[in-house]
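Colleague: Mind looking over this structure? Questions follow.
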Amino acid sequence: MDVTVLQSLLLTGLLRGGLYALMAVGLALVFGVMNICHFAHGEYYVLGAYAAFFGFVTLGLNPIPAILLAAFLSFLAGVITDKLLFHPLRKRSKGEWVMNAFLLTAGLSVVLQNVYRAVFGMRYRGITQYWDASVEIMGMSIAADRIMAFVIALSAIFGLWVFLQRTRTGRAIRAVSQDERGSMLVGINLDHIHTLTFGLGSMLAGLGGASLLSLSPAYPYGGNKPLIASWFVVTIAGLGNTQGAIVAGFIVGLFESFSYFYLGQGWQEVASLCLLILLLLFKPTGLFGTNIKSVWEK
Amino acid sequence: MLEVNHLQAGYGNLNVLWDVSLNVRQGEFVALIGSNGAGKTTTLRAISGVISPAAGEVRFMNQMITGMAPHRISQQGLSYITEELNLFEGMTVQDNLLLGAYTRRNGRQVRASLEQVFDLFPILKERSAQMAGTLSGGERRMLAIGRGLMSEPDLLMVDEPSLGLAPKMVMNVFQALRALHERGVTLLLVEQNVHNTLQIADKAYVMEQGTVALQGSSAGLLDNEYLKETYLGKR
């Protein structure tokens with residue numbers, strides 16, 4: 001095989017994978033800590049894209065402040081969503097939480113898509129580029145936007161990792177994902193941790209939408225594709241496994257870029273789904289999932 | 001320090017505790033004994049806020065804590081080590097212990113507590129980088145007790161620390177509890193292991209069918225004819 005083809009496939013796969021990882025980590029975090037099968041994750045991606053668009057175009061902000069504004073607004077939206085919807089539901093549900101929460105996210109997705117449609121209309125709001133530049137890597141010229149999106153995704157994931165591993169609050173988030181009663185008994189306020197987690201998950205999605213604005217414009221239904229992609233990654237990794245989601249993000253990115261090249265456009269999704277079906281047949285817990293039971297029984 | 005008056009509690013429509021009153025004073029080692037299903041664990045759950053009492057009151061350090069959320073009660077200085085331990089299995093021993101000190105902000109004091117716990121249970125120091133889920137049964141109990149101590153609690157409630165342990169480990173755990181008591185920690189211990197418990201506790205309450213059937217000093221209870229016949233198998 002031609003070396004330059006291999007290089008370019010690897011490169012596009014990695015660039016794609018970084019953003020899959022970013023979206024999937026948010027989803028895995030929300031599932032692992034809150035036990036929510038989140039089907040409105042894509043709507044926070046779209047929110048981030050809209051926020052970045054208005055920040056960049058309407059307010060004329062520089063790219064980085066516009067993206068940071070989008071991250072902040074998605075975080076805020078996540079916090080409000082938890083306070084307004086999931087918190088009251090949690091107080092009322094007991095055994096049926098997983099199903100109730102799932103239905104709530106499915107409904108939320110429909111509502112948010114239609115709110116976007118009513119407020120922003122059906123037109124695509126995109127930009128041609130944040131940075132008017134391109135970077136030469138391994139003999140290929142790649143738009144600076146793609147590189148920056150990748151760098152932003154990796155920095156956000158790394159930042160989250162440091163936060164979870166090294167800070168007191170991060171440790172508490174991990175504790176809640178492991179044992180809720182144990183967490184309460186050491187004095188952790190579960191409500192605060194849940195709200196923060198949902199905010200963080202939404203922020204990661206919003207960051208994804210914002211940094212990819214030049215590649216996929218803001219659009220009311222623009223969240224469906226990233227939602228499916230991130231569920232795909234999370235299922236491959238094993239539900240609720242944040243570290244697995246990072247690796248699986250890259251696996252899926254590379255797999256898609258290779259199947260796109262060898263099977264042709266449109267077939268990469270077929271190939272991915274076949275991969276998923278095979279995986280679920282032979283290892284239903286996902287590549288890195290071992291303790292699904294403990295999460296469900298928590 | 002801890003005063004429980006006419007407590008009633010249960011699960012859903014099932015009432016387990018009918019009328020429980022007990023009293024723990026500063027520095028005391030109090031045991032709650034009784035057979036399976038007598039309501040010992042439910043009593044601890046109701047005190048710690050894991051379930052909310054249906055009636056009665058719980059006072060801790062002269063403050064009403066009846067029906068407060070568990071994390072608030074824990075912040076008041078009451079530490080509860082459950083029968084299931086509720087460890088964070090996928091986290092390291094050290095992270096588990098540091099989480100025990102979640103409510104304390106002073107890093108230096110937390111370090112000092114960590115050293116004290118390692119001093120009390122040297123095995124935890126050896127295992128500090130290991131995942132809690134990989135520990136043996138006895139080590140897990142020690143980690144749970146250690147985590148409970150990390151908040152520098154005024155009162156430590158321990159539920160069945162001997163459950164499922166080999167006899168040698170049971171003695172280790174009991175010795176650790178006695179050592180804690182000698183260091184001035186106030187303890188409320190729930191046990192089915194009546195004989196051993198009465199050897200180390202100052203006083204005990206005997207629970208039967210959701211109420212306190214008998215109470216007194218450990219020495220007095222060891223001589224009690226009824227207790228001897230029912231729990232100690234002596235005539």
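The values are calculated or read from the model by the stated rules, or taken from the named source; none is laboratory data. This is a predicted model, so every value here is computed, not measured. Using ideal geometry, Cβ is built from the backbone for each residue, glycine included, and neighbour counts are taken over all protein chains shown. Heads up: the accessible areas ignore ligands, DNA and RNA and are worked out on the full protein's heavy atoms, side chains in. Shrake-Rupley method; radii C 1.70, N 1.55, O 1.52, S 1.80 Å.
Colleague: Just the residues that are open to solvent by less than 20 Å² (accessible area, probe 1.4 Å) and free of Cβ contacts under 8 Å to residues at least 40 places away in the same chain, please, taken from the stretch B:103-116.
Modeller: Step one: list which residues in the stretch B:103-116 are open to solvent by less than 20 Å² (accessible area, probe 1.4 Å), which gives B:110, B:113-114.
B:113, B:114 - these are the residues of the stretch B:103-116 that are open to solvent by less than 20 Å² (accessible area, probe 1.4 Å) and free of Cβ contacts under 8 Å to residues at least 40 places away in the same chain.
Colleague: Yes or no: the stretch B:88-102 includes at least one residue that is at the interface with another protein chain (Cβ under 8 Å from one of its Cβ atoms), among the hydroxyl-bearing types (Ser, Thr, Tyr), open to solvent by less than 50 Å² (accessible area, probe 1.4 Å) and under 25 Å from residue B:3 (Cα atoms).
Modeller: No, because not a single residue in the stretch B:88-102 is at the interface with another protein chain (Cβ under 8 Å from one of its Cβ atoms), among the hydroxyl-bearing types (Ser, Thr, Tyr), open to solvent by less than 50 Å² (accessible area, probe 1.4 Å) and under 25 Å from residue B:3 (Cα atoms).
Colleague: Sticking with this one: Can you name every residue in the stretch A:196-213 that is part of a helix (DSSP H, G or I) and open to solvent by less than 10 Å² (accessible area, probe 1.4 Å)?
Modeller: First, pick out the residues of the stretch A:196-213 that are part of a helix (DSSP H, G or I): A:196-211.
Within the stretch A:196-213, A:197, A:198, A:199, A:201, A:202, A:204, A:205, A:206, A:208, A:209, A:210, A:211 meet the criteria.
Colleague: What is the residue count in the stretch B:117-139 for residues that are surrounded by 14 or more Cβ atoms within 10 Å (Cβ to Cβ) and of a type outside the set (Phe, Trp, Tyr)? Working first, answer last.
Modeller: Of all residues in the stretch B:117-139, those surrounded by 14 or more Cβ atoms within 10 Å (Cβ to Cβ) come to B:117-118, B:120-121, B:123-125, B:127-128, B:130-133, B:135, B:138-139.
Now drop any that are not of a type outside the set (Phe, Trp, Tyr), which leaves B:117, B:120, B:123-125, B:127-128, B:130-133, B:135, B:138-139.
Residues flagged as surrounded by 14 or more Cβ atoms within 10 Å (Cβ to Cβ) and of a type outside the set (Phe, Trp, Tyr) within the stretch B:117-139 amount to 14.
Here is a yes/no grid of residues against (1) polar (S, T, N, Q); (2) within 14 Å of chain B (Cβ to nearest Cβ); (3) open to solvent by 50 Å² or more (accessible area, probe 1.4 Å):
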{"site": "A:215", "(1), (2), (3)": "no, no, yes"}
{"site": "A:234", "(1), (2), (3)": "no, no, no"}
{"site": "A:258", "(1), (2), (3)": "no, no, yes"}
{"site": "A:265", "(1), (2), (3)": "yes, no, yes"}
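Colleague: Which one of A:80, A:67 is farther than 22 Å from residue A:109 by Cα and modelled with pLDDT of 95 or more? Quick ask: steps written out before the conclusion?
Modeller: Numbers: A:80 fails: farther than 22 Å from residue A:109 by Cα.
So the residue among A:80, A:67 that is farther than 22 Å from residue A:109 by Cα and modelled with pLDDT of 95 or more is A:67.
Colleague: Of all the residues that make up the stretch B:61-76, how many are assigned to a loop (DSSP other than H, G, I, E, B) and not hydroxyl-bearing (Ser, Thr, Tyr)?
Modeller: Pass one, the stretch B:61-76, residues assigned to a loop (DSSP other than H, G, I, E, B): B:61-62, B:65-69, B:76.
Narrowing the set further to residues that are not hydroxyl-bearing (Ser, Thr, Tyr) leaves B:61-62, B:65, B:67-69, B:76.
Residues that pass the stated criteria total 7.
Colleague: List every residue pair whose Cβ atoms sit under 6 Å apart, with the two residues 6 or more apart in sequence or on different chains, where the first one lies in the stretch A:152-170 and is more than 21 Å from residue A:183 (Cβ to Cβ) and in a helix (DSSP H, G or I) and the second, anywhere, is open to solvent by less than 50 Å² (accessible area, probe 1.4 Å) and of a type in the set (Ser, Thr, Tyr).
Modeller: A:152/A:211
Colleague: Something else now. If residue B:47 satisfies every condition in (1) modelled with pLDDT under 95; (2) assigned to a helix (DSSP H, G or I) but one, which is the exception?
Modeller: Only one criterion in (1) modelled with pLDDT under 95; (2) assigned to a helix (DSSP H, G or I) is unmet by residue B:47, namely (1).
Colleague: List every residue pair whose Cβ atoms lie under 6 Å apart, where the two residues are 6 or more positions apart in sequence or sit on different chains, the first residue falls within the stretch A:38-57 and is within 11 Å of residue A:126 (Cβ to Cβ), and the second residue, located anywhere, is open to solvent by 10 Å² or more (accessible area, probe 1.4 Å) and outside any helix (DSSP H, G or I).
Modeller: Note: pairs meeting the criteria are A:53/A:125.
Colleague: Something else now. Test of understanding: among A:11, A:15, A:19, which residue is in a helix (DSSP H, G or I) and more than 18 Å from residue A:225 (Cβ to Cβ)?
Modeller: On the way: A:15 fails: more than 18 Å from residue A:225 (Cβ to Cβ); A:19 fails: more than 18 Å from residue A:225 (Cβ to Cβ).
Answer to the selection: A:11.
Colleague: For the stretch A:24-50, give me the residue count where each residue is in contact with a Pro (Cβ under 6 Å, 6 or more places away or on another chain) and open to solvent by 10 Å² or more (accessible area, probe 1.4 Å).
Modeller: Pass one, the stretch A:24-50, residues in contact with a Pro (Cβ under 6 Å, 6 or more places away or on another chain): A:42, A:45.
The next check asks that each one be open to solvent by 10 Å² or more (accessible area, probe 1.4 Å); those that pass are A:45.
Going through the stretch A:24-50 one residue at a time, the tally reaches 1.
Colleague: I need the full set of residues from the stretch B:190-220 which are on the phi > 0 side of the Ramachandran plot and part of a strand (DSSP E or B), in order please.
Modeller: Narrowing the stretch B:190-220 to residues on the phi > 0 side of the Ramachandran plot: B:209-210, B:216.
Within the stretch B:190-220, B:216 is the sole residue that qualifies.
Colleague: Now for a different question. May I ask you to list the residues in the stretch B:189-234 that are surrounded by fewer than 15 Cβ atoms within 10 Å (Cβ to Cβ), of a type in the set (Ser, Thr, Tyr) and at pLDDT below 90?
Modeller: Passing the criteria: only B:226.
Colleague: Out of B:48, B:74, B:35, report the one residue that is open to solvent by less than 10 Å² (accessible area, probe 1.4 Å), of a type in the set (S, T, N, Q) and either away from chain A (no Cβ under 14 Å) or under 29 Å from residue B:217 (Cα atoms) (or both). If you could, list the steps in order and put the result at the bottom.
Modeller: On the way: B:74 fails: open to solvent by less than 10 Å² (accessible area, probe 1.4 Å); B:35 fails: open to solvent by less than 10 Å² (accessible area, probe 1.4 Å).
The match here is B:48.
Colleague: Another question about this same structure. Could you please let me know if residue A:106 is in contact with a Ser or Thr (Cβ under 7 Å, 6 or more places away or on another chain), assigned to a helix (DSSP H, G or I), open to solvent by 10 Å² or more (accessible area, probe 1.4 Å) and over 17 Å from residue A:153 (Cβ atoms)? Before you say what the answer is, go through the steps one by one.
Modeller: Details: in contact with a Ser or Thr (Cβ under 7 Å, 6 or more places away or on another chain): no; assigned to a helix (DSSP H, G or I): yes; open to solvent by 10 Å² or more (accessible area, probe 1.4 Å): yes; over 17 Å from residue A:153 (Cβ atoms): yes.
The answer is no for residue A:106.
Colleague: So in the stretch A:179-217, with the set limited to residues that are of a type in the set (S, T, N, Q) and without any contact (Cβ under 8 Å) to a residue 24 or more places away in the chain, which one is farthest from residue B:87 (Cα to Cα)?
Modeller: Step by step, filter the stretch A:179-217, then rank; the result is A:189.
Colleague: Take the residues in the stretch A:140-198 that are among the hydroxyl-bearing types (Ser, Thr, Tyr) and within 20 Å of the chain's Cα centre (by Cα), then tell me which one is farthest from the other protein chains (Cβ to nearest Cβ). First the steps, then the outcome.
Modeller: Let us first name the residues in the stretch A:140-198 that are among the hydroxyl-bearing types (Ser, Thr, Tyr), namely A:141, A:155, A:167, A:169, A:177, A:183, A:195, A:197.
Next cut, within 20 Å of the chain's Cα centre (by Cα) only: A:155, A:177, A:195, A:197.
Working: A:155: 25, A:177: 8, A:195: 14, A:197: 16 Å.
The residue in question is A:155.
Colleague: Taking residue B:79 as the residue in question, decide whether it is in contact (Cβ under 8 Å) with a residue 40 or more places away in the chain, more than 14 Å from residue B:210 (Cβ to Cβ) and part of a strand (DSSP E or B).
Modeller: In short, yes.
Colleague: Give just the number: which of (1) open to solvent by less than 40 Å² (accessible area, probe 1.4 Å); (2) more than 13 Å from residue A:198 (Cα to Cα) does residue A:4 not satisfy?
Modeller: Unmet condition: (1).
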